[in-house]
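The values are calculated or read from the model by the stated rules, or taken from the named source; none is laboratory data. Remember, it's a predicted structure, so these values are computed and weren't measured experimentally. All Cβ positions, even for glycine, are placed from backbone atoms using ideal geometry, and neighbour counts span all protein chains on display. The accessibility values were calculated without ligands, DNA or RNA, using every heavy atom of the protein model including side chains. Shrake-Rupley method; radii C 1.70, N 1.55, O 1.52, S 1.80 Å.
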Amino acid sequence: MSETIIKAENISKLYKLGVAGSGSLYQSLGMGLKSLLKGRTNSASQKDFWALKDINFEIKEGEVVGIVGRNGAGKSTLLKVMSRITKPSTGKIELMGRIASLLEVGTGFHPELTGRENIFLNGSILGMSRVEIRQKFDEIVDFSGIAEFLDTPVKRYSSGMYVRLAFAVAAHLESEILVIDEVLAVGDMEFQKKCLGKMNNVAKSGRTVLFVSHNMGAVKTLCNKGFYLKNGTILMQGHIDDVVDLYLEQSRVSEKIYESGAVSKILTYQDGANIILELDYNCEQELKLPNLGFVLNDRDGNPIMGLNPMMQPNLTEKKGLYPKKGKVRLNISSPKLLDGVYTFSIWFGDKSGNFFWENDCVSIEIIAMTDIIQMYRPAQVGYVVPDCNFEFS
Amino acid sequence: MKKIIIEPRSNPFKINFSELYSYRELLSALAYRDLRVRYAQTFIGFLWAFMNPIFSLLILTFVFGIVAKVNLSPGYNGQEIPHLLYTIVGLAGWTYFSEVFAQAGSSIISAQQMVQKIYFPRLVIPLSKAITGLVDLAVNFILITILLIIFGYKPSPNIVFLPLFITIAVLSGLAAGIWMSALTIRYRDFQYITPMLLRIGMFITPISYPSAAVPEQYRMFFYLNPITGIVEGLRWCILGGEALNPYTYISFVIIIILLLLGVLYFNKVEKIMPDII
């Protein structure tokens with residue numbers, strides 16, 4: 001059996017909310033010189049937030065571990081702690097060997113410097129020695145495919161060239177442990193294939209890799225072990241397929257409960273290719289029509305689609321009134337959305353007026369709704385996958 | 001294989017010099033970047049490095065030498081010291097310090113993307129500014145040499161002590177840079193305090209006037225400004241003249257203490273740096 005290369009015990013990370021973190025000088029002076037020298041402030045307006053709580057794990061040499069979880073589950077914080085960027089609040093991690101982190105490609109690139117100079121600069125920032133960089137220089141240039149622009153300042157590069165060069169430098173890092181956070185969403189298709197191939201080589205070469213991604217396909221192909229992080233704790237660790245399955249199952253439901261008002265509960269989840277939205281209501285009088293309207297927004301709040309029953313010409317209505325208390329179930333069939341987090345703005349009312357209106361009240365994480373290969377992000381190609389038929393002659 | 005242990009809090013007095021040394025290539029890469037980028041796309045390019053000190057030299061000499069007519073005591077071998085020469089030597093010590101002070105102060109804020117994405121000893125960032133500043137110091141020494149030749153001034157034999165005083169100047173730059181970078185990241189107020197301090201420092205440092213012009217009762221406070229000692233020391237090395245005021249050595253002690261405390265404070269802030277940027 002291979003050796004343990006990473007061992008984490010009781011790792012927690014506490015963030016203070018309410019203040020931006022760096023107190024003002026005035027605040028510190030108010031607290032006295034002691035806190036100024038201690039380098040921290042403790043004001044009453046702070047709220048504790050545990051980004052990570054009691055994380056324990058062991059990773060053996062050569063394991064490729066995929067870390068999955070929703071946005072805000074603590075994935076990036078865990079990687080930051082592991083790669084020594086930020087200190088844990090409690091606990092201890094033992095690493096056997098050098099750790100290199102690819103939390104973002106192109107860190108430290110300077111626009112005024114040429115491609116050649118940036119390879120050396122970025123390489124040393126990532127922890128390579130000049131000798132190492134010189135040895136790999138040709139390989140890096142080859143991989144990036146920008147040989148003819150090597151002596152041009154990178155500010156004149158297209159964004160594709162920039163990213164290719166940046167990834168090429170990072171991909172040639174040699175360390176026992178490699179930490180990667182979603183670098184695959186870069187470049188054109190051909191280059192993405194190259195990146196995936198390179199990652200595969202790294203994974204197969206016996207190096208230990210920690211990989212965070214929302215791309216379940218990539219996680220499943222590259223990794224053999226998985227962690228499922230939820231609210232700062234590891235909910236499950238085990239074989240990657242089991243971890244991904246549990247994650248997919250759990251992340252499809254989002255619910256909000258209201259203590260008072262006309263609406264008592266809103267629930268939404270992904271059911272295969274469909275989105276289900278359920279709303280429980282409890283009104284003061286009987287209703288002419290339980291009128292539920294929705295708008296589905298992207299994560300920036302831009303509307304993607306929306307409807308209410310009044311907009312449907314052939315709506316069948318009950319004769320008389322609807323009871324005070326009841327449920328509306330809405331099935332949005334096959335909206336064909338790309339992976340990502342979406343939010344619902346909900347409106348609820350009668351024909352005569354509205355009882356409830358809330359923007360972005362529930363969110364839903366869509367995962368693998370269609371069977372297309374998701375090569376680009378929604379910001380690049382839009383949110384909805386069209387029904388297409390390509391004919392070649 | 002190297003074993004790394006990550007723990008919440010390590011001893012603030014423990015400074016990992018061997019790690020810092022292993023990042024020396026990053027240090028030179030960052031310094032190179034700063035120099036390379038500094039005059040990019042300017043018409044006269046590196047000549048700008050001479051423009052700034054020349055204009056400071058002219059304006060200071062005009063104010064103190066021509067308008068205020070400050071009296072200078074004779075230098076080595078009783079030679080009369082031309083005011084331009086007197087000022088440029090003072091300026092050399094001041095420019096290096098003030099450059100590092102200003103550049104290092106904002107250095108970590110401008111490198112925040114790096115700090116949040118990659119681990120390396122953060123001390124490398126302000127240290128690289130202390131290296132970049134050496135170029136400005138060299139420019140000043142070129143100007144000094146030119147003026148020595150033009151005025152036919154014979155340098156004092158004290159010049160053998162020059163390396164010592166340059167070392168102290170570098171230490172002062174380091175001390176200031178380390179303090180300012182840690183303070184600025186912790187309290188952004190220092191972004192506004194820094195230029196203010198520099199403006200004050202420019203006048204309370206005897207760049208273009210002798211400290212003898214300062215009344216005796218203020219002299220003690222005057223030497224609390226660590227740059228005073230450096231400026232006077234450099235002048236004594238190159239131009240000679242009266243022996244150094246014993247207060248000068250207080251400046252040097254202050255610099256060493258500030259440097260040590262600065263490294264400790266930086267070490268302290270370094271741990272929370274990515275969280276408070």
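Can you tell me which residue within the range A:209-243, out of those that are open to solvent by 10 Å² or more (accessible area, probe 1.4 Å) and among the β-branched types (V, I, T), is farthest from the chain's Cα centre (by Cα)? Among residues in the range A:209-243 that are open to solvent by 10 Å² or more (accessible area, probe 1.4 Å) and among the β-branched types (V, I, T), the one farthest from the chain's Cα centre (by Cα) is A:T221.
Residues are listed down the side, and each one gets a yes or a no for (1) within 14 Å of chain A (Cβ to nearest Cβ); (2) open to solvent by less than 50 Å² (accessible area, probe 1.4 Å); (3) at positive phi:
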position: B:D189; (1), (2), (3): yes, no, no
position: B:Y209; (1), (2), (3): no, yes, no
position: B:V214; (1), (2), (3): no, yes, no
position: B:N225; (1), (2), (3): no, yes, no
position: B:A243; (1), (2), (3): no, no, no
position: B:T248; (1), (2), (3): no, yes, no
position: B:I276; (1), (2), (3): yes, yes, no
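Restricting attention to the range B:22-41, does a residue exist that is away from chain A (no Cβ under 14 Å) and within 27 Å of B:A176 (Cα to Cα)? Walk me through how you get there before you give the answer.
Within the range B:22-41, the first condition is being away from chain A (no Cβ under 14 Å), and the residues that meet it are none.
Checked against the condition, which is being away from chain A (no Cβ under 14 Å) and within 27 Å of B:A176 (Cα to Cα), the range B:22-41 yields no hits at all.
Every residue in the range B:109-141 that is over 13 Å from the mean Cα position of the chain (by Cα), open to solvent by 20 Å² or more (accessible area, probe 1.4 Å) and without any contact (Cβ under 8 Å) to a residue 40 or more places away in the chain, please. The answer is B:S110, B:Q113, B:K117, B:Y119.
How many residues, within the range A:246-263, are without any contact (Cβ under 8 Å) to a residue 60 or more places away in the chain and surrounded by fewer than 16 Cβ atoms within 10 Å (Cβ to Cβ)? Give the derivation first.
Start the filter on the range A:246-263 by keeping residues that are without any contact (Cβ under 8 Å) to a residue 60 or more places away in the chain, which leaves A:246, A:249-250, A:253, A:257-260.
With surrounded by fewer than 16 Cβ atoms within 10 Å (Cβ to Cβ) added as a condition, the list becomes A:249-250, A:253, A:257, A:259-260.
Here the count works out to 6.
Restricted to the range A:100-120, and to residues there that are more than 7 Å from every other protein chain (Cβ to nearest Cβ) and in a strand (DSSP E or B), the residue that is surrounded by the fewest Cβ atoms within 10 Å (Cβ to Cβ) is A:T114. Per the listing A:D371, A:D360, the residue uniquely assigned by TED's automatic domain parsing to the domain that holds A:V295, more than 18 Å from the chain's Cα centre (by Cα), of a type in the set (D, E) and not in a loop (DSSP other than H, G, I, E, B) is A:D360.
The set of residues in the range A:128-158 being more than 12 Å from every other protein chain (Cβ to nearest Cβ), under 19 Å from A:R98 (Cβ atoms) and without any contact (Cβ under 8 Å) to a residue 12 or more places away in the chain consists of A:Q135 alone.
Which one of B:F55, B:F50 is in a helix (DSSP H, G or I) and surrounded by 12 or more Cβ atoms within 10 Å (Cβ to Cβ)? Even if it seems obvious, please write down each step before you answer.
Working: B:F55 fails: surrounded by 12 or more Cβ atoms within 10 Å (Cβ to Cβ).
Exactly one residue qualifies, and that residue is B:F50.
Looking at the range A:253-270, is at least one residue part of a loop (DSSP other than H, G, I, E, B) and either touching a Ser or Thr at 6+ places or on another chain (Cβ under 9 Å) or modelled with pLDDT of 90 or more (or both)? Yes: the range A:253-270 contains one or more residues that are part of a loop (DSSP other than H, G, I, E, B) and either touching a Ser or Thr at 6+ places or on another chain (Cβ under 9 Å) or modelled with pLDDT of 90 or more (or both). The set of residues in the range A:295-338 that are under 17 Å from A:S363 (Cα atoms), assigned to a loop (DSSP other than H, G, I, E, B) and open to solvent by 40 Å² or more (accessible area, probe 1.4 Å) comprises A:R299, A:D300, A:N302, A:K336.
Listed here are the residues, each with its yes/no results for (1) small (G, A, S); (2) more than 7 Å from chain B (Cβ to nearest Cβ); (3) under 25 Å from B:R33 (Cα atoms).
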{"position": "A:R84", "(1), (2), (3)": "no, no, yes"}
{"position": "A:T90", "(1), (2), (3)": "no, no, no"}
{"position": "A:I93", "(1), (2), (3)": "no, no, no"}
{"position": "A:N122", "(1), (2), (3)": "no, yes, yes"}
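Residue-wise test of (1) of a type in the set (A, V, I, L, M, F, W, C); (2) in contact with a helix residue (DSSP H, G or I) (Cβ under 6 Å, 6 or more places away or on another chain); (3) on the phi > 0 side of the Ramachandran plot; (4) modelled with pLDDT under 90.
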site	(1), (2), (3), (4)
B:I88	yes, yes, no, no
B:T95	no, yes, no, no
B:Q112	no, no, no, yes
B:Q116	no, yes, no, yes
B:V124	yes, yes, no, no
B:K129	no, yes, no, no
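I'd like to verify a number: residues in the range B:131-163 that are assigned to a helix (DSSP H, G or I), closer than 19 Å to B:E232 by Cβ and polar (S, T, N, Q), how many? Result for the range B:131-163: 2.
Yes or no: A:A203 open to solvent by less than 30 Å² (accessible area, probe 1.4 Å), in contact (Cβ under 8 Å) with a residue 60 or more places away in the chain and under 30 Å from B:Q41 (Cβ atoms)?
Working: open to solvent by less than 30 Å² (accessible area, probe 1.4 Å): yes; in contact (Cβ under 8 Å) with a residue 60 or more places away in the chain: yes; under 30 Å from B:Q41 (Cβ atoms): no.
Taking the combined requirement at face value, the residue does not satisfy it.
Among the conditions (1) at pLDDT 90 or above; (2) touching a Leu at 6+ places or on another chain (Cβ under 7 Å), B:F55 misses just one, which is (2).
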